[in-house]
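The values are calculated or read from the model by the stated rules, or taken from the named source; none is laboratory data. Fair warning: this is a prediction, and the values are worked out from it, not measured in the lab. Here the Cβ positions follow ideal geometry from the backbone for every residue, glycine too, while neighbour counts run over all protein chains shown. Keep in mind that these areas ignore ligands, DNA and RNA; they rest on the heavy atoms of the full protein, side chains included. Shrake-Rupley method; radii C 1.70, N 1.55, O 1.52, S 1.80 Å.
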Amino acid sequence: MGERIVVLGAGFGGLELCTTLSETLGEDAHVTLIDKSDAFVFGFSKLDIMFRGAAPDSLRMYYRDLAKPGVRVLRETVTAIDPEARTVVTDAAMHEADVLVIALGADYDMGSTPGLAEAGN
Ligand SMILES: Cc1cc2nc3c(=O)[nH]c(=O)nc-3n(C[C@H](O)[C@H](O)[C@H](O)COP(=O)(O)OP(=O)(O)OC[C@H]3O[C@@H](n4cnc5c(N)ncnc54)[C@H](O)[C@@H]3O)c2cc1C
């Protein structure tokens, strides 16, 4: 069995990496991709909701339809990461990896920009 690769986050970074791994290694990839959501939404497509009246659900690309050979997708929320031991705890399980990729994106730090929460867009 090859190395166990665990990728946290199925956004642009995680999805692109998993696609590359799948295309390179195929069924030998042994990749587990974990995301709290069941679907990817391209941020820019939110303009379709605002200006073209698209239904939000119509913009959801479900991970089950994006699955690639060698990549297992799990819908779980990551609650703790030990980067040295390469273990991850989620709301559903504990995962051990030989290679651990953290691609969980970023959130705004609202507190660091006074007024952003009240007047930001
Ligand atoms: C409205 C909008 C429009 C944009 N338009 C463009 C554009 O036109 N062109 C462009 O180049 N960039 C655009 N960007 C920026 C682009 O979306 C980001 O640069 C990119 O998404 C970052 O990729 P990432 O993989 O690092 O993180 P993300 O794509 O944010 O992915 C992080 C993933 O981690 C998951 N996650 C987070 N926390 C947890 C957890 N605890 N447990 C499990 N899963 C978790 C999230 O569900 C998400 O799927 C836009 C961003 C926004 C908000």
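Given the condition more than 9 Å from the ligand (Cβ to nearest atom), over 17 Å from A10 (Cα atoms) and part of a loop (DSSP other than H, G, I, E, B), answer yes or no: does some residue in segment 36-44 qualify? No, segment 36-44 has no match at all. The residue that is surrounded by the most Cβ atoms within 10 Å (Cβ to Cβ), counting only those in segment 1-15 that are more than 7 Å from the ligand (Cβ to nearest atom) and closer than 15 Å to G105 by Cβ, is V7. Has segment 39-58 got at least one residue that is over 18 Å from the mean Cα position of the chain (by Cα) and among the hydroxyl-bearing types (S, T, Y)? So far as segment 39-58 goes, yes, one or more of its residues are over 18 Å from the mean Cα position of the chain (by Cα) and among the hydroxyl-bearing types (S, T, Y). Find the residue count for segment 57-82, including only residues that are in contact (Cβ under 8 Å) with a residue 12 or more places away in the chain and outside any loop (DSSP other than H, G, I, E, B). Residues meeting the conditions: 14.
Among residues of segment 83-94 that are more than 19 Å from V73 (Cβ to Cβ), those with a Cβ under 6 angstrom from a residue that is part of a strand (DSSP E or B) and open to solvent by 60 Å² or more (accessible area, probe 1.4 Å), sequence gap 6+ or separate chain, pair up as T87/E96. Counting just the residues of segment 100-121 that are open to solvent by less than 70 Å² (accessible area, probe 1.4 Å) and touching a strand residue (DSSP E or B) at 6+ places or on another chain (Cβ under 8 Å), which one comes out nearest to the ligand (Cβ to nearest atom)? Selected residue: A103. Kindly provide the set of residues from segment 54-83 that are among the aromatic types (F, W, Y) and loosely packed, with under 10 Cβ neighbours inside 10 Å, ordered by number. Passing the criteria: none in range. For segment 16-53, the candidate set comprises residues that are in contact with a Lys or Arg (Cβ under 9 Å, 6 or more places away or on another chain) and among the aliphatic types (A, V, I, L, M); within that set, the residue that is surrounded by the fewest Cβ atoms within 10 Å (Cβ to Cβ) is V41. Answer with yes or no whether A97 is aliphatic (A, V, I, L, M) and either without any contact (Cβ under 8 Å) to a residue 60 or more places away in the chain or open to solvent by 70 Å² or more (accessible area, probe 1.4 Å) (or both). Considered against the rule, which asks whether it is aliphatic (A, V, I, L, M) and either without any contact (Cβ under 8 Å) to a residue 60 or more places away in the chain or open to solvent by 70 Å² or more (accessible area, probe 1.4 Å) (or both), A97 comes out as no.
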